[in-house]
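The block underneath contains the structure these notes are about, expressed in structure tokens.
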Amino acid sequence: MASQIKSLATLAYIDEQLDELKDEYGELPDKVRSQEAKVVKLKFMIEETSRLLVDIKAFCSTAKVTLMELKEREEMLAKKQFLVRNNKEFDAVTNEIKFAREEHERLSDRLRTEGLKEENLTKILAEQVSQFETAKIELDYLEQQIKQLSSEQDKTLKDLFKKRDMILSSLNSNPRTHYNRIRVFHSDVVAKIKRDSCSGCYSSLPKQQIVEIRNNFEEVLFYCENCGRMLIGEESFVDESNFDENIKLIKSTK
Ligand SMILES: [Zn+2]
């Protein structure tokens, strides 16, 4: 069985490395998410504008036919006016002509307004399509960046996770539970004694505790009373310089 303290210190070093790798992504995932939302929103706007345009075009083509019909009706009524037999009929036909003319005028006005609307919407649609295409290119670029970063990190991550699993299986359940609990509050779970203080929070440690930690042959877990990190002697602390050596040791004594 490898030293539990050494395993914990090695685990802490691995987790710090993993945190740093995660930091490399920085704001990139957030940027991708908001860019995705932008693309979806623009797509929705394009659909909305297109739908309005279809409606307007349908209205315009129907209106053009109706205008022709109204014109024909007016001409027909004008001819009918000559054939009336009395004043009452004359007035009735005159009213019908008036009505057809007014209807023609009203519809012509509306057609002009809708025509302007169509023109504006066509411009808006072109602008939206161009914004959508730009946003899509930006999204592709961001996704490409993430992909590249993750493939670069892939090998390192795999290696670290493999070592992490190996250490976890070498740990007793009690230290593992304590480690995970502290990890909720501190990214660096393990602190060492440095100038008689906790290297995590810099609060000074009781002399008695320092002595106990330095002569910790029973592998008791000590905690900093101030910050709650696990405290270990400097000689057990793991960093870049002794990481590989510790991994070998844990592997061989497992
Ligand atoms: Zn502390």
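Derivation of every value follows stated rules applied to the coordinates shown; laboratory data play no part. Here the structure is a predicted model, which means the values were calculated and not measured. As a convention, Cβ positions derive from the backbone with ideal geometry for all residues, glycine included, and neighbour counts pool all protein chains shown.
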Size of electric dipole in the chain: Cβ of Lys, Arg +1 and of Asp, Glu -1, about Cα centre, debye, nearest 20: 580 debye
Theoretical gain in end-to-end length, Glu119 to Asp19 [0.36 nm per residue, Cα-Cα removed]: 30.6 nm
Rg to Rh quotient for the range 119-241, alpha carbon positions, Kirkwood Rh: 1.34
Zone residues, the range 25-58, relative to Gln131, backbone N less than 12 Å from point 7 Å out along Cα-to-Cβ: 38-47, 49
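How fast does the range 25-153 diffuse by Stokes-Einstein, in µm²/s, taking the Kirkwood radius from C-alpha pairs at 4 °C and 1.567 mPa s?
67 µm²/s
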Links that overshoot a 27 Å alpha carbon limit, given the list Lys31/Lys123; Lys192/Lys248; Lys64/Lys98: Lys31/Lys123
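Test of understanding: what is the full-extension gain from Phe82 to Val184, defined as 0.36 nm times their sequence separation minus their Cα-Cα distance?
Extra length available between Phe82 and Val184 comes to 27.0 nm.
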Per-q log10 I(q)/I(0), the range 7-93, q = 0.13, 0.17 Å⁻¹ (Debye; single scatterer per alpha-carbon; no solvent): -0.76, -0.89
Inter-part distance where the range 53-103 and the range 189-238 are each reduced to a Cα centre, Å: 99 Å
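Can you give the relative contact order of the range 1-117 as a percent, counting alpha carbon pairs under 8 Å and 6+ residues apart?
This gives 26 percent for the range 1-117.
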Extent along principal axes [Cα atoms of the chain; Å; largest to smallest]: 129, 35, 30
